[in-house]
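Novice: Sharing a structure below in structure tokens format, with a few things to ask.
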Amino acid sequence: MSKNIIAPDQLSGASYNFNRMVLAGLTLNEIKKQRLKTNASLLRKDEWKVIDDTIVTVARNRLHAVQDLIDRNLTKDAGGLGSLLAQYEKASGMTEAEISMSPITDSEEDTQTFDIASTPIPIVQKDFTLDIRRLQASRRRGTSLDDSQATEATRKVSEASEDMVVNGVQLTLNGNKIYGYTSFPDRIQGAAPGSWDTLSNIYTTVRLMIKDARDNGDFRGPFLLYTASEQWDEMMEVYEDGSGQTARDRVLDKFPNLEDIKPLYNLEDGELVLVQMTSDVVNLQIAESINTIEWNTHGELKSHYKVMACWVPEIRSDSKGRCGLVHYTGA
């Protein structure tokens with residue numbers, strides 16, 4: 001699996017004009033339009049559409065944990081490629097509200113304290129090339145642009161992005177690290193009461209995970225439960241009590257604050273992750289969504305392409321280390 005991840009200020013391979021446009025604050029889409037407008041691109045508009053459509057389709061099929069955050073609007077604008085760190089304030093709590101009959105009753109005054117937490121925003125990238133002879137040959141044949149390289153590059157970027165959300169990545173900036181669901185230090189950790197090849201253990205495990213979230217910070221959902229591939233297969237077993245329900249059906253039926261259960265292929269066998277899908281628990285900080293850039297070399301005879309995204313999961317906890325993320329092993 002590709003983990004082609006670099007820091008935003010180390011973006012390599014692009015031309016001088018591209019770097020100049022980035023420094024001027026242009027987005028990747030604005031840069032692409034500028035290159036088409038000035039005929040600096042080897043590709044025609046319809047050929048760019050082939051690549052763009054390919055990226056959207058492949059990314060949607062390969063991004064699961066990432067897409068769940070996007071679909072629920074759990075995203076933040078990180079401010080473009082020039083943003084190296086995402087930051088949030090870890091706020092302390094307040095005492096309980098007071099109830100009285102008079103609006104002029106003085107309640108206890110609180111002052112929250114705030115600590116800054118930071119997460120580096122890396123670039124996930126994969127490059128490929130196309131020479132002018134192959135491009136002109138496809139045009140002479142009247143065939144559309146071969147999108148196989150764009151497909152594979154997008155798949156690699158999507159896989160690396162998924163792994164970053166699930167497991168984090170070994171990359172630091174000024175001492176700040178990138179954590180995922182299974183590596184965030186403040187996550188609630190536990191062990192399943194038994195293997196999921198015994199159906200009764202499935203319901204019990206999920207109940208304990210939801211209870212842990214509630215007891216360790218009053219997190220009450222909505223939740224998504226992610227399972228490793230083996231545990232997903234075990235959830236498809238049907239109970240022998242005549243109900244016709246699978247274990248997945250029964251769990252979703254019993255816990256209304258559990259929104260869905262999905263497999264994540266980046267989880268190790270026996271791992272489970274329960275995430276409260278709210279902005280105080282997790283956000284996807286996006287400096288640039290997945291896209292493609294182009295630059296030319298060899299006297300415009302060779303075109304280079306970089307499928308890239310500049311984003312990072314920002315998993316949050318409060319000043320007491322409470323977090324709506326539960327990670328179990330041993331299922």
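Novice: Here are SER319, SER303: which of them is surrounded by fewer than 21 Cβ atoms within 10 Å (Cβ to Cβ), part of a loop (DSSP other than H, G, I, E, B) and either small (Gly, Ala, Ser) or in the same structural domain as ILE123 (by TED's automatic domain parsing) (or both)?
Specialist: Details: SER303 fails: part of a loop (DSSP other than H, G, I, E, B).
Selected residue: SER319, the only one of SER319, SER303 that is surrounded by fewer than 21 Cβ atoms within 10 Å (Cβ to Cβ), part of a loop (DSSP other than H, G, I, E, B) and either small (Gly, Ala, Ser) or in the same structural domain as ILE123 (by TED's automatic domain parsing) (or both).
Novice: Do you know which residues across the range 262-281 are in contact with a Phe, Trp or Tyr (Cβ under 8 Å, 6 or more places away or on another chain), closer than 18 Å to ASP212 by Cα and either among the β-branched types (Val, Ile, Thr) or surrounded by fewer than 17 Cβ atoms within 10 Å (Cβ to Cβ) (or both)?
Specialist: Filtering the range 262-281 down to residues in contact with a Phe, Trp or Tyr (Cβ under 8 Å, 6 or more places away or on another chain) leaves 262-264, 267, 271-277, 281.
Subset that is closer than 18 Å to ASP212 by Cα: 271-277, 281.
Once the filter is applied, which keeps residues that are in contact with a Phe, Trp or Tyr (Cβ under 8 Å, 6 or more places away or on another chain), closer than 18 Å to ASP212 by Cα and either among the β-branched types (Val, Ile, Thr) or surrounded by fewer than 17 Cβ atoms within 10 Å (Cβ to Cβ) (or both), the range 262-281 yields VAL273, VAL275, VAL281.
Novice: If the Cβ limit is 6 Å and pairs must be 6+ apart or interchain, which residue in the range 159-184 that is on the phi > 0 side of the Ramachandran plot pairs with which residue that is part of a strand (DSSP E or B)?
Specialist: As it stands, the answer is GLY168/ILE178, since those pairs meet every condition given.
Novice: Given ASP197, ASP186, which one is charged (D, E, K, R) and modelled with pLDDT of 95 or more? Full working, then the answer.
Specialist: On the way: ASP197 fails: modelled with pLDDT of 95 or more.
Being charged (D, E, K, R) and modelled with pLDDT of 95 or more holds for just one of ASP197, ASP186, which is ASP186.
Novice: Does ALA160 meet the test of being in contact with a Ser or Thr (Cβ under 6 Å, 6 or more places away or on another chain), under 28 Å from TYR305 (Cβ atoms) and either modelled with pLDDT of 90 or more or not in a helix (DSSP H, G or I) (or both)? Show your work before the answer.
Specialist: Details: in contact with a Ser or Thr (Cβ under 6 Å, 6 or more places away or on another chain): yes; under 28 Å from TYR305 (Cβ atoms): yes; either modelled with pLDDT of 90 or more or not in a helix (DSSP H, G or I) (or both): yes.
Considered against the rule, which asks whether it is in contact with a Ser or Thr (Cβ under 6 Å, 6 or more places away or on another chain), under 28 Å from TYR305 (Cβ atoms) and either modelled with pLDDT of 90 or more or not in a helix (DSSP H, G or I) (or both), ALA160 comes out as yes.
Novice: SER138: at pLDDT below 80, out of contact with any Gly (no Cβ under 6 Å at 6 or more places or on another chain) and outside any loop (DSSP other than H, G, I, E, B), yes or no? Break it down into steps so the answer makes sense when it comes.
Specialist: Working: at pLDDT below 80: yes; out of contact with any Gly (no Cβ under 6 Å at 6 or more places or on another chain): yes; outside any loop (DSSP other than H, G, I, E, B): yes.
Answer is yes for this residue.
Novice: A further question follows. Considering each residue of the range 221-257, count those that are at pLDDT below 95, within 16 Å of VAL275 (Cβ to Cβ) and surrounded by fewer than 16 Cβ atoms within 10 Å (Cβ to Cβ), and give that number.
Specialist: So the answer is 0.
Novice: In addition: Does the range 196-204 contain at least one residue that is among the β-branched types (Val, Ile, Thr) and surrounded by fewer than 22 Cβ atoms within 10 Å (Cβ to Cβ)? Step through it out loud before you land on a result.
Specialist: Our first condition is that a residue be among the β-branched types (Val, Ile, Thr); within the range 196-204, this holds for 198, 202, 204.
Next cut, surrounded by fewer than 22 Cβ atoms within 10 Å (Cβ to Cβ) only: 198, 204.
So far as the range 196-204 goes, yes, one or more of its residues are among the β-branched types (Val, Ile, Thr) and surrounded by fewer than 22 Cβ atoms within 10 Å (Cβ to Cβ).
Novice: Only residues that are modelled with pLDDT under 75 and either closer than 17 Å to MET308 by Cβ or of a type in the set (A, V, I, L, M, F, W, C) (or both): list them for the range 35-65, please.
Specialist: Those that are modelled with pLDDT under 75 and either closer than 17 Å to MET308 by Cβ or of a type in the set (A, V, I, L, M, F, W, C) (or both): ARG35, LEU36, ALA40, SER41, LEU42, LEU43.
The values are calculated or read from the model by the stated rules, or taken from the named source; none is laboratory data. All values derive from a computational prediction rather than experimental measurement. When we count neighbours, we look across all protein chains shown, and the Cβ atoms used for this are built from the backbone with ideal geometry, even at glycine.
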